[in-house]
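Chemist: Pasting a structure here, questions to come.
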Amino acid sequence: MKRTLLAAMMFAAAALAQAQTLRIGLAEDPDVLDPTLARSFVGRIVFAAMCDKLVDVDEKLNIVPQLATSWQWSADHKALTMKIRPGVTFQDGEKLDAAAVKYSIERHKTMPGSNRRGELAPVSSVDVLDPLTVRLNLSAPFAPLLAALADRAGMIVAPKAAAAEGDKFGAHPVCAGPYKFVERVAQDRITLERYDGYWDKAALHFDKIEYTPIPDATVRLANLKSGQFDFIERVAPSDIAALEKDKKLKVARITEIGYQGITINVGKSARAQSNPLGRDARVREAFELALDRHGLAQVVMDNEATVGNQWVAPTSPYYAKNMPVPQRNVAKAKALLKAAGVEHPSFTLLTSTASDAQRLALVVQAMTREAGFDVKIQTAEFATSLNMADKGDFDAYVLAWSGRADPDGNLFSFDGCKQPLNYAGYCDAETDKLLAQSRTELDPAARKKIYEQIAARVLAARPIVYLYHRNWLWAYDAKLSGVREIPDGLLRVAGLKMAP
Amino acid sequence: MFEYLLRRLASIVPTLVFVSMLIFGLQQLLPGDPAKILAGEEQDPSVIAYLHKKLHLDEPLPMRYAYWIGGVLRGDFGESVRSQEPVLDLVLEKLPVTAELALLAMGIALVIGIPAGIVSAVGRGTVWDAAANLFALWGISTPNFWLGILMILLFSVQLGWLPASGYVSPFEDWRANLAAMIMPAFVLGNAIAAVLMRHTRSAMLQVLSSDYVRTARAKGLSEPVVVLRHALRNALTPIITLGALELGTLLSGAVLTEQVFTIPGFGKLIIDSVFNRDYAVVQGVVLVTASAYIALSLLADLAYFAVNPRLRT
């Protein structure tokens with residue numbers, strides 16, 4: 001009896017020791033862990049546990065307090081005053097105050113190679129009003145600013161550590177988040193440890209977090225099933241049905257804030273004019289009408305997607321209701337092609353080697369053939385395909401976007417004249433004017449009206465045919481509770497708890 | 001022999017210079033602007049311009065080669081643009097992992113492949129020969145990736161005996177290290193064992209039919225002595241060559257196997273670096289593996305001398 005009791009106690013102790021580390025399987029290895037220089041989506045998953053931001057987004061994409069407890073726009077919307085949470089310290093013990101916020105914003109704006117400059121472009125200066133109050137002065141009103149501050153641009157780094165490490169800060173990042181950086185072995189693991197001075201310490205139930213990148217979805221899942229991981233991101237849609245029957249595991253699905261689309265070369269290079277698809281809006285309309293979005297979502301994503309026709313999902317408050325998702329209409333597509341004088345237009349559809357992109361291209365090819373299109377598929381490794389897109393060396397390109405919390409992040413750089421992500425080469429003076437207005441208008445209702453006007457123009461010109469919004473698919477140990485399904489696809493570790 | 005060795009050593013320097021030029025030059029043929037892929041999702045033009053300057057991308061090719069090789073001669077292999085870690089650190093971090101995996105896999109291959117080849121040659125036409133041939137056919141035709149996933153499903157998910165993936169340093173916990181390495185080492189070793197078996201078999205068959213083996217048997221030597229001391233020794237030369245080549249390949253990283261088992265070795269490093277256009281890392285890793293290859297072929301040559309006294313004159 002004694003022996004059994006001892007064994008049971010040892011087992012319980014072992015289980016407890018095990019539960020203190022949260023092991024997470026990532027789909028890729030993150031890039032540099034410096035919020036100013038970071039560029040990848042997957043890096044943001046690690047930042048979510050390591051670096052708190054001035055504000056955060058919740059399940060409904062509302063902006064909620066994090067390091068800033070409250071904020072106020074000036075009457076002319078050209079200054080944002082934020083109250084900083086008192087008593088917050090960085091993971092090296094340094095105090096987080098208004099001066100530290102000023103330091104970080106200025107670092108984001110001035111550091112060579114900074115990826116945050118564009119997101120903070122209208123911020124002209126930062127004033128420290130008192131130790132816990134900071135004011136961001138803007139050159140013009142900028143509606144997407146708060147959403148940017150809910151991402152890497154709002155992450156505050158420890159000034160002393162950042163100054164000492166310079167551009168090597170990413171190797172030993174120090175922030176004000178719940179877990180502090182311990183070590184990183186490239187392509188193997190990133191280990192974080194609970195920061196005992198965290199302002200919301202009561203919400204932390206794990207001692208350590210370990211992130212391991214495993215690119216193959218099958219292997220990632222095998223690791224979860226064998227108990228090597230407690231949580232994995234980006235589960236393959238085809239595995240979901242079996243996972244939902246597994247009582248030891250749980251599945252979370254969240255509609256992404258990004259989209260899957262087909263970018264069409266309408267003016268990026270001379271090639272746009274040599275092809276009926278790029279030259280004639282009627283051919284593009286016929287192309288869209290030949291597509292069955294529900295069929296695409298079913299075949300490519302196993303229905304783990306929400307069909308859509310805009311840069312934001314139909315569930316978003318900024319979705320332009322005046323432009324609903326068009327139904328498939330092959331007869332109308334054929335009539336449009338006839339009117340355009342090309343009954344059998346032929347073009348090349350460029351895709352990366354990612355398996356879902358290739359599947360998508362094949363289904364599009366089959367669907368549009370019924371309307372008379374002859375689609376040739378060209379596959380290139382991602383970096384190569386991106387380079388071809390940038391040079392305008394394509395007719396149409398299967399391209400997805402991970403999305404930003406503010407609709408501006410899904411639209412401005414893609415449809416503004418000469419913007420960096422405008423691979424379509426779309427340029428329309430009226431659209432540019434409306435885009436500028438959408439950035440300076442802070443009232444959501446008025447902003448929505450502007451987006452409806454933009455949608456009416458852009459969706460008729462079709463530089464991008466939006467298809468659907470994928471589900472972020474997560475799978476985790478059924479004993480893990482407190483998983484928050486936030487549409488940015490980033491796991492929040494505060495509040496996560498493992499039942500014994 | 002010494003003269004030969006000196007000649008071989010002297011030829012290493014121009015070979016390495018040529019290899020370094022090849023690595024550098026071929027990489028420039030990769031399509032795509034590395035600054036664009038490194039600039040990530042946002043594609044901020046100022047970041048792209050900054051990376052161009054930082055990586056000397058706008059300078060002529062010979063100048064860029066000079067920057068790189070100058071650094072290498074000073075022991076500075078540059079740094080990864082993606083993770084900001086020095087390339088030398090990355091290489092030193094991955095080299096022991098890959099070396100351990102390669103040696104374990106080679107050990108498994110030798111232990112299975114050579115005895116199977118001998119048994120199959122000696123017992124030509126018997127059930128043993130057929131069984132060894134069947135094993136070889138299976139080993140050669142089974143893709144590593146597939147075998148790896150099946151082994152994970154059986155030993156990790158179903159039986160729960162071994163960890164599905166990951167790596168633990170042998171200095172931390174040698175048992176956990178072996179548990180993590182045994183499956184990938186077997187997957188890699190199995191394929192090589194099959195090739196080794198085929199080569200051992202054909203070399204042994206050739207030797208076993210030669211005159212001196214008949215003489216040895218006529219002298220009344222026991223069969224094990226004839227086979228192991230007289231025949232095998234002469235049959236070893238092609239097997240050593242093959243073994244060295246296979247070991248060299250293993251050291252350059254077993255890409256798919258490392259991906260499946262998440263072993264953080266050269267294979268994973270190099271494939272990620274190529275896709276991310278992280279040139280400095282690719283160059284550093286390829287240079288190190290090319291040097292390892294050259295060193296191994298030199299060692300193989302020395303091994304010929306050891307097993308074949310006729311070459312020593």
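Please treat every number below as a calculation from the coordinates, not as lab data. Quick caveat: nothing in here was measured; it's all calculated off a predicted structure. All Cβ positions, even for glycine, are placed from backbone atoms using ideal geometry, and neighbour counts span all protein chains on display.
Chemist: Across segment A:58-216, how many lysine pairs, 8 or more positions apart or on different chains, have C-alpha atoms separated by under 19 Å? Please give the number.
Modeler: 15
Chemist: Gain in length, residue A:127 to residue A:456, computed as 0.36 nm per residue apart minus the alpha-carbon separation, to one decimal in nm?
Modeler: 114.4 nm
Chemist: Calculate, for residue A:70 and residue B:99, the FRET efficiency according to 1/(1 + (r/R0)^6) with r their C-beta to C-beta distance and R0 60 Å; round to the nearest 0.05.
Modeler: 0.60
Chemist: Right, something else. Go through the cysteines of the protein assembly as shown and tell me which have no other cysteine Cβ under 4.7 Å away.
Modeler: None - each cysteine has a disulfide-compatible partner (Cβ-Cβ under 4.7 Å) in the protein assembly as shown.
Chemist: A further question follows. Assigning unit charges at the beta carbon (Lys, Arg +1; Asp, Glu -1) and nothing else, what dipole magnitude in debye, to the nearest 20, does the protein assembly as shown show about its Cα centre?
Modeler: Dipole magnitude for the protein assembly as shown comes out near 1340 debye.
Chemist: Excluding same-chain residues fewer than 8 positions from residue A:332, which lysines have a Cα within less than 24 Å of its Cα?
Modeler: A:321, A:376
Chemist: Roughly what would the spin-label model give for residue B:92 and residue B:178, points 7 Å off Cα along C-beta, in nm?
Modeler: Label at residue B:92, label at residue B:178, 3.0 nm between them.
Chemist: If you don't mind, there's one more thing I want to ask. Determine the relative contact order of segment A:234-279: mean sequence separation of Cα pairs under 8 Å and six or more apart, normalised by residue count, in whole percent.
Modeler: Taking the mean separation of contacting Cα pairs over the length of segment A:234-279, I get 19 percent.
Chemist: Helix by helix, which DSSP H runs in chain B go 30 Å or more along their axis at the Cα atoms and have an average Kyte-Doolittle hydropathy of 1.6 or more?
Modeler: Flagged H segments are B:87-122, B:279-307.
Chemist: Also: Just need the relative contact order of chain A here, percent rounded to a whole number, with Cα pairs under 8 Å and 6+ apart.
Modeler: 20 percent
Chemist: Under the rule a/c < 1.5 gives rounded, and otherwise a/b versus b/c splits prolate from oblate, where does chain B land using the Cα gyration tensor?
Modeler: Because a/c hits 1.5 or more and a/b fails to exceed b/c, chain B counts as oblate.
Chemist: Still on this model: On a 0 to 90° scale, report how tilted helix A:444-461 is relative to the longest principal axis of chain A, with both axes built from alpha carbons and the result rounded to the nearest 10.
Modeler: It works out to around 40 degrees.
Chemist: Same structure again: Let me check the size of segment B:24-155 from its C-alpha atoms; what are the radius of gyration and Dmax in Å?
Modeler: Gyration radius and largest Cα-Cα distance of segment B:24-155: 24.0, 72 Å.
Chemist: Could you state, as a whole-number percent, how many of the C-alpha pairs of segment A:119-243 are farther apart than 18 Å?
Modeler: For segment A:119-243, the share of Cα pairs beyond 18 Å comes to 70 percent.
Chemist: While we're on this one: Relative to the present Cα-Cα distance, how much length would full extension add between residue A:241 and residue A:449 at 0.36 nm per residue of separation?
Modeler: 70.9 nm
Chemist: Still on this structure, I have one more. For chain B, modelled as a GNM with alpha-carbon contacts under 10 angstrom, which of B:107, B:139, B:40 fluctuates the most?
Modeler: Maximum fluctuation in the GNM of chain B, among the listed residues, is at B:40.
Chemist: Using C-alpha positions alone, give me the convex hull volume of segment A:28-132 per residue in cubic angstrom.
Modeler: Dividing the Cα hull volume of segment A:28-132 by its residues yields 129 Å³.
Chemist: What percent of all Cα-Cα pairs in the protein assembly as shown falls into each 10 Å bin, going from 0 up to the bin containing the maximum distance?
Modeler: 2, 11, 19, 22, 20, 13, 7, 4, 2, 0, 0
Chemist: What translational D, rounded to a whole number of µm²/s, comes out for segment B:203-251 from Stokes-Einstein when the hydrodynamic radius is the Kirkwood one over Cα pairs, at 10 °C and 1.306 mPa s?
Modeler: 135 µm²/s
Chemist: Arrange the following residues from fewest to most other Cβ atoms within 10 Å of their Cβ: A:427, A:51.
Modeler: Ranking A:427, A:51 by Cβ neighbours within 10 Å, fewest first, gives A:427, A:51.
Chemist: For the pair residue A:432 and residue A:330, how long in nm is the line joining their label points, each one 7 Å along Cα→Cβ?
Modeler: Placing both labels 7 Å along Cα→Cβ, they lie 4.2 nm apart.
Chemist: Work out the mean other chain Cβ neighbour count within 10 Å for the residues of B:263-269 and drop it here as an integer.
Modeler: 3
Chemist: Taking the beta-carbon count within 10 Å as an exposure proxy, list A:108, A:77, B:199 from fewest neighbours to most.
Modeler: A:77, B:199, A:108
Chemist: Regarding segment A:357-500, what are the three Cα extents along the principal axes, ordered largest first, in Å?
Modeler: Ordered largest first, segment A:357-500 gives principal extents of 58, 42, 30 Å.
Chemist: Now for a different question. Given only helices, namely DSSP H runs of n ≥ 4 each adding -39500 (n - 2.57), what is the per-residue ellipticity at 222 nm of chain B, to the nearest 500 deg cm²/dmol?
Modeler: About -24000 deg cm²/dmol.
Chemist: Okay, next question. Given axes a ≥ b ≥ c from the Cα gyration tensor, I'd like to know whether segment B:141-244 is rounded (a/c under 1.5), prolate (a/b larger than b/c) or oblate.
Modeler: prolate
Chemist: I would also like to ask the following. Considering only C-alpha atoms, what is the centroid distance from segment A:382-400 to segment A:55-122, in Å?
Modeler: Here the answer is 35 Å between Cα centres.
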